[in-house]
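Worksheet: one structure, shown below.
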Amino acid sequence: MDISRRSFLGASAAVVAGTMVRGAAFGANAKIGVCCIGINGRGGSHIKAFSESEASEVVALCDVDKKVLEKAGAALAEKTGKKPKLYVDMREAFADKSIDAVSIATPNHWHSLATVWACQAGKDVYVEKPMAHSFWEGQQCVNAAKKFKRIVQHGTQQRSDPKRIRDMQLLHEGKLIGPVVHARGYVYKNGNRVDIGKGKPGKAPESLDYNLWLGPAKERPWMAREGGDPGLPKDGGLFVHYNWHWFWDFGNGESGNQGVHEMDVAAWAANKGLPVRVSSTGGRYKWKDDGETPNTQAMHFTYADGTMLTFEVRNLGSFPEGGDDDCANSAFGTDGYWVKGKGFFDYKRKPIPVPDSAALPPSKGPFENFLAAVKSRKWEDIYGNPEEAFTSCAHIHLGNIAYRLQKSLVFDPAASKFKGDRKATKMLKDNYRKPFVVPEIA
């Protein structure tokens with residue numbers, strides 16, 4: 001299968017921005033042409049969802065690894081009877097007028113640039129969590145969605161869960177457990193995270209365009225992996241295709257991996273916007289690998305009204321304090337508490353029934369909800385819009401900055417900076433490698 005590719009690496013955001021911005025009007029039976037970008041892991045779920053939906057078809061695939069790309073393209077062609085276009089460079093996909101929307105499941109450090117470029121090119125966007133690799137990037141995603149009138153949905157599936165939506169409404173109303181004074185989220189990945197070993201400079205596989213994989217991140221050599229858990233792929237490098245999560249240049253640690261889902265619910269439950277104080281402690285314990293992010297971490301956020309949010313990561317193991325759930329949430333009000341998946345309780349642990357009037361809202365799941373919003377062109381139809389995504393992701397970025405500096409910080413939400421700490425404020429924005437620069441969107 002041929003791969004669509006031109007000598008295009010010198011293109012900048014200006015080239016992408018020059019593509020015609022369009023607001024397609026879809027008929028009731030018209031199919032939305034989707035390109036899935038980043039298809040080795042979570043991207044497989046994107047391909048499945050958009051290729052099986054009656055509202056869309058996957059017309060193109062994009063991945064910087066030709067081996068992954070060709071395999072996925074062949075599988076999709078066999079499944080649907082149609083050969084998708086194949087792109088290595090996403091900028092070529094953004095210039096393709098047959099593509100109406102893109103889904104993004106690349107490593108975290110590509111999420112925002114891909115989102116902004118797509119918006120500039122007139123494409124709607126389903127972007128995996130976290131929407132942004134840094135605080136400042138999240139702001140640009142919000143601005144781009146609004147300026148170019150694009151539908152942008154964040155890939156935190158709980159925003160499409162009917163019970164979660166109903167429970168959040170009840171929490172915000174404060175009628176069952178009173179006003180929320182403490183929201184909590186936690187991620188305990190028992191046995192799922194391991195020592196990844198150490199790396200040494202090597203040569204990237206022939207199938208991988210490592211320059212494109214690095215994209216906005218600073219120049220770093222391809223690292224071959226040595227040692228680590230014996231269950232890891234023997235031919236995998238230190239970063240590609242998954243363990244980039246544990247390096248600050250590419251990922252955001254566990255809080256920005258599985259943790260985004262629970263942080264999103266916690267920030268949703270708190271419903272207070274951005275915090276004014278943040279602290280975080282922890283470490284990368286036991287493992288002797290080259291990973292940089294903590295495998296054990298606690299974050300604490302305080303809002304302007306004195307209420308708080310706490311968040312925990314434990315990747316070494318944990319006892320089942322959440323029952324069978326190793327990733328969950330709770331919220332504590334003045335008169336009772338809520339536990340995700342279990343319901344509302346008073347402080348004597350007596351269940352509080354949900355009123356019959358609190359009906360479950362309509363939701364067809366994250367992918368179908370996104371496609372419906374693409375057709376309606378209504379911001380209110382987005383289940384996890386860019387502003388909500390920004391707020392949830394911002395908690396992760398602020399918490400990780402406090403962790404990396406090992407100090408408590410005071411944050412000014414109105415000014416988008418830390419008070420009295422230039423070093424911390426500088427960390428709100430990444431440094432980019434040309435031409436992969438996230439543009440500032442006014």
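Does segment 228-260 hold any residues that are closer than 18 Å to residue 112 by Cα, of a type in the set (A, V, I, L, M, F, W, C) and part of a loop (DSSP other than H, G, I, E, B), and which are they?
Scanning segment 228-260 gives 247, 248, 250.
Regarding residue 105, is this residue crowded, with 20+ Cβ neighbours inside 10 Å and under 18 Å from the mean Cα position of the chain (by Cα)?
Yes; evaluated as a whole, the condition is true for this residue.
With respect to residue 390, is the statement that it is more than 30 Å from residue 174 (Cα to Cα) and surrounded by 21 or more Cβ atoms within 10 Å (Cβ to Cβ) true?
No: the conditions fail for residue 390.
Filter segment 245-286 down to residues that are within 20 Å of residue 427 (Cα to Cα) and among the acidic types (Asp, Glu) and give me whichever is surrounded by the most Cβ atoms within 10 Å (Cβ to Cβ).
254
Within segment 83-122, how many residues turn out to be under 18 Å from residue 244 (Cβ atoms), touching a Cys at 6+ places or on another chain (Cβ under 9 Å) and among the aliphatic types (A, V, I, L, M)?
3
If you take the residues of segment 27-82 that are of a type in the set (A, V, I, L, M, F, W, C), in contact with a Ser or Thr (Cβ under 8 Å, 6 or more places away or on another chain) and outside any helix (DSSP H, G or I), which of them is surrounded by the most Cβ atoms within 10 Å (Cβ to Cβ)?
Taking the candidates together, the pick is 34.
What do you reckon, is residue 207 of a type in the set (Ser, Thr, Tyr), over 23 Å from residue 312 (Cβ atoms) and in contact (Cβ under 8 Å) with a residue 24 or more places away in the chain?
yes
Which members of segment 157-216 meet the condition of being of a type in the set (A, V, I, L, M, F, W, C), within 30 Å of residue 230 (Cβ to Cβ) and not in a helix (DSSP H, G or I)?
If the condition is that a residue be of a type in the set (A, V, I, L, M, F, W, C), within 30 Å of residue 230 (Cβ to Cβ) and not in a helix (DSSP H, G or I), then 187, 194, 196, 204, 208 are the ones that fit.
Every residue in segment 369-391 that is part of a helix (DSSP H, G or I), within 18 Å of the chain's Cα centre (by Cα) and not hydrophobic (A, V, I, L, M, F, W, C), please.
Once the filter is applied, which keeps residues that are part of a helix (DSSP H, G or I), within 18 Å of the chain's Cα centre (by Cα) and not hydrophobic (A, V, I, L, M, F, W, C), segment 369-391 yields 369, 386, 387, 388, 391.
Can you tell me which residues in segment 155-169 are touching a strand residue (DSSP E or B) at 6+ places or on another chain (Cβ under 9 Å) and either surrounded by fewer than 19 Cβ atoms within 10 Å (Cβ to Cβ) or at positive phi (or both)?
Passing the criteria: none in range.
Yes or no: residue 402 touching a Gly at 6+ places or on another chain (Cβ under 8 Å) and surrounded by 22 or more Cβ atoms within 10 Å (Cβ to Cβ)?
So residue 402 fails the test.
If we keep just the residues of segment 100-157 that are in contact with a Lys or Arg (Cβ under 7 Å, 6 or more places away or on another chain) and hydroxyl-bearing (Ser, Thr, Tyr), which is farthest from residue 376 (Cα to Cα)?
Within segment 100-157, the match that is farthest from residue 376 (Cα to Cα) is 134.
Considering only residues of segment 117-145 that are part of a loop (DSSP other than H, G, I, E, B) and buried (at least 24 other Cβ atoms within 10 Å of the Cβ), which is farthest from the chain's Cα centre (by Cα)?
Among residues in segment 117-145 that are part of a loop (DSSP other than H, G, I, E, B) and buried (at least 24 other Cβ atoms within 10 Å of the Cβ), the one farthest from the chain's Cα centre (by Cα) is 121.
Name the single residue, out of those in segment 336-387 being of a type in the set (A, V, I, L, M, F, W, C) and within 30 Å of residue 413 (Cβ to Cβ), that is surrounded by the most Cβ atoms within 10 Å (Cβ to Cβ).
The selected residue is 370.
Do you know which residues across segment 373-406 are closer than 20 Å to residue 256 by Cα, of a type in the set (D, E, K, R) and out of contact with any helix residue (DSSP H, G or I) (no Cβ under 8 Å at 6 or more places or on another chain)?
404
Tally time: how many residues in segment 416-435 are closer than 30 Å to residue 149 by Cβ, assigned to a loop (DSSP other than H, G, I, E, B) and in contact with a Ser or Thr (Cβ under 9 Å, 6 or more places away or on another chain)?
Of the residues in segment 416-435, 6 are closer than 30 Å to residue 149 by Cβ, assigned to a loop (DSSP other than H, G, I, E, B) and in contact with a Ser or Thr (Cβ under 9 Å, 6 or more places away or on another chain).
Here is a yes/no grid of residues against (1) in contact with a Gly (Cβ under 6 Å, 6 or more places away or on another chain); (2) hydrophobic (A, V, I, L, M, F, W, C); (3) closer than 18 Å to residue 94 by Cβ:
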{"site": "118", "(1), (2), (3)": "no, yes, yes"}
{"site": "135", "(1), (2), (3)": "no, yes, no"}
{"site": "146", "(1), (2), (3)": "no, no, no"}
{"site": "151", "(1), (2), (3)": "no, yes, yes"}
{"site": "181", "(1), (2), (3)": "no, yes, no"}
{"site": "185", "(1), (2), (3)": "no, no, no"}
{"site": "192", "(1), (2), (3)": "no, no, no"}
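Any idea which of 198, 203, 234 is surrounded by fewer than 18 Cβ atoms within 10 Å (Cβ to Cβ) and closer than 28 Å to residue 92 by Cα?
None of the others qualify; the one that does is 203.
Consider residue 280 carefully, then state whether it is part of a strand (DSSP E or B) and at pLDDT 95 or above.
yes
Enumerate the pairs (first residue in segment 147-173 and within 21 Å of residue 336 (Cβ to Cβ); second residue anywhere and β-branched (Val, Ile, Thr) and surrounded by fewer than 24 Cβ atoms within 10 Å (Cβ to Cβ)) with beta-carbon separation below 6 Å, excluding pairs fewer than 6 apart on the same chain, so at least 6 apart or on different chains.
171/180
Consider segment 287-304. How many of its residues are of a type outside the set (S, T, N, Q), surrounded by 22 or more Cβ atoms within 10 Å (Cβ to Cβ) and not in a loop (DSSP other than H, G, I, E, B)?
Residues that pass the stated criteria total 2.
The values are calculated or read from the model by the stated rules, or taken from the named source; none is laboratory data. This structure is a prediction, so every number in the text was calculated from the model and none was measured. Heads up, the Cβs are rebuilt from the backbone with ideal geometry, glycines too, and the neighbour counts pull from every protein chain shown.
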